[in-house]
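All of the numbers you see were taken from the coordinates with simple rules; none came from a lab. Quick caveat: nothing in here was measured; it's all calculated off a predicted structure. Counting neighbours? That spans all protein chains shown, and the Cβs are built from the backbone with ideal geometry, glycine included.
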Amino acid sequence: MLFDPSVVLEQPLPLLATVMIIVVGKTVAAYALVRAFGHDNRTALTVAASLAQIGEFSFILAALGTNLEILPAEGRDLILAGAMISILLHPLVFTLVSGQAAARPKPSKAEQATIEAEREEARTDHIILVGYGRVGKLVAVGFRERQRGFVVVEEESDIARAAEADGLTVVRGNATVADILSQAGISRAKLLFLAIPEGFEAGAVAERARKLQPDIRIIARAHSDEEVEHLKRLGANQVIMGEREIARVMLGALV
């Protein structure tokens, strides 16, 4: 009811500029910010398309600005008209932009390797591997074969040097320490693999990581039912017990 329809006829160019600022300017700014935080192109396009409008709060601000004589009535009318037009255009803009994001072909292996290398370097949306012993080395090989960006956390100096010699990104220190996990990028990591053999120490790492990054997925190893329960209680999403896996594979060999 605040809207004056005459603004469409009386101020078409200022109205067009207002709509362009809302739909185009805001979208471009949102896209640039999301990309600056290290997210992929598809996520950035989706977020940008979602923000290609302004809504009810702009009506309140416009009315308040006019009442306080900070904003002229013409400015309020332009904001209201721009908001209404952007709301009408939003489904079309979102469909077009998100469609472009969804239609993008999957990156090639070389492109994916580059993406994962960038994630590893920026320590964003990556994997943290705690422990580079016998199991950790095998897991790291699997990560490399799958072209996944990851960071190794290792406390033992000689093992850390071996990981570095293998060309891996290594954070030296005890993973139960919050600063070490922070150096590994725990706040922006996607997965945490606990490859250390001590289940109860791994539980302390899982508990610390869960506090620093509540949404991270944690996968750990264990040697007993007690360790499995301990790790799950402290935040591990999945716990793999070696003896069970060996038995499962042996039984699978039955003819």
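Which value, in Å to one decimal place, does the Kirkwood hydrodynamic radius take for the range 112-255 when every pair of different Cα atoms is included?
15.3 Å
Who wins for biggest fluctuation among L168, L191, L68 in a Gaussian network model of the chain, springs between alpha carbons below 10 Å?
Result: L68 has the largest fluctuation of those listed.
For the chain, give the magnitude of the charge dipole about the Cα centre (Cβ charges: +1 Lys/Arg, -1 Asp/Glu; no others), in debye to the nearest 20.
Once rounded to the nearest 20, the dipole reads 620 debye.
As an exercise, find the ratio Rg/Rh for the range 6-103 from alpha-carbon atoms, using the Kirkwood inverse-distance average for Rh.
1.06
Using a Gaussian network for the chain with springs between C-alpha atoms less than 10 Å apart, which of these wobbles most: I216, I87, I127?
Greatest mean-square fluctuation among the candidates belongs to I87.
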